[in-house]
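These notes are about the structure you will find just below.
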Amino acid sequence: MTLSLAGRTASPAAQGVPVRIGGFGGAQGLADYLRTEHIDALIDATHPYAAMISANAANAAELAKVPLLALRRPPWLPVAGDIWIEVADVVGAVAALAVAPRRVFLALGRKELAPFAQAPQHHYLVRSVDPVEPPLPVPYATYVTGRGPFDEAHDRGLLQQHRIEVVVAKNSGGSATYGKIAAARALGLTVILLRRPALPQVAAVETVEDAVAWLDHDRTASIARGV
């Protein structure tokens, strides 16, 4: 088993399996790798917003004739007390902040921040795994680093400490980063959520346990059928 990481995090968490870091050169490059390494199965376990990687995985699996499974966390759903504004992308999130200065918590990742430079009137609190370099070219920005999971109590304290008025986040699903959503609800704050991108229509499961079951049973049956 080999785990492939895109290389966006400087110091990824330790893993118990061999790890390769970096891209493959698109769908064709990944297909070549699958053939060269005699890979029997491909599991797309990327972030729900990594649409290009998922598209390349689907195309590569088809080119290399390798069974593919997507591991996709279900999105968060609003519950009583949530104040959500859903937008298509980061540009939409900037627009949703409007003109009046606000104190904004950005929990999007380093590569999604540039459009907020177009709204320098806001006070930004930026959380990321690695430091943001270069920092946003705005007059009011505070940076914190940390690797989840973050629970509700932790994030409620963070939001209160920085007097946050609105949270901007992706609908990542799962429990590791749900703390900010629960904390915003408890504090009566608005959450601007980026909608998930469209992903390839492939076989998919929601849990690691189901992915392991697929490896143990479903993939074997597929290979026997010549799929």
Taking only the alpha carbons of segment 56-191, what extent do you get along each of the three principal axes, in Å, biggest first?
53, 35, 26
Do any trypsin sites (Lys or Arg not before Pro) in segment 21-110 lie in a DSSP loop with no more than 16 other beta carbon atoms within 10 Å, and if so, which?
LYS65, ARG102
Determine which residues of segment 45-87 fall in the zone a paramagnetic label at ASP32 would reach in this model, i.e. backbone nitrogen under 20 Å from the point 7 Å along Cα→Cβ.
53-66
Please give the length that would be gained between GLN161 and VAL17 if that part of the chain were fully extended, namely 0.36 nm times their separation in residues minus their C-alpha to C-alpha distance (nm, one decimal).
47.9 nm
Through the Karplus equation 6.51 cos²θ - 1.76 cosθ + 1.60, θ set to phi - 60°, convert the phi angles of segment 116-129 into ³J(HN,Hα) values in whole Hz; use x for Gly and Pro.
6, 5, 7, 10, x, 6, 7, 9, 10, 10, 10, 10, 8, 5
Arrange the peptides 185-191, 85-91 so that the one whose residues have, on average, the most other Cβ atoms within 10 Å appears first.
185-191, 85-91
Taking r as the C-beta separation of LEU215 and ALA176 and R0 as 30 Å, the FRET efficiency to the nearest 0.05 is 0.85
Run the numbers for TYR143 and VAL91: contour at 0.36 nm per residue of separation, minus the present Cα-Cα distance, in nm.
16.6 nm
Give the long-range amide H neighbours of VAL191: residues separated by 5 or more places, or on another chain, with amide H under 5 Å away, using H modelled in the peptide plane at 1.01 Å from N.
ILE83, TRP84, ILE85, VAL167
Return the Rg/Rh value of the chain, two decimal places, where both radii are evaluated on C-alpha atoms and Rh is the Kirkwood radius.
1.02
Using only DSSP helix segments of four residues or longer, with each worth -39500 (n - 2.57), what per-residue ellipticity at 222 nm results for the chain after dividing by its residue count and rounding to 500?
-8000 deg cm²/dmol
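Bear in mind that the values in this text are calculations on the coordinates, not laboratory data. Just so it is clear, the structure is predicted and the values come from calculations on it, not from any experiment. Using ideal geometry, Cβ is built from the backbone for each residue, glycine included, and neighbour counts are taken over all protein chains shown.
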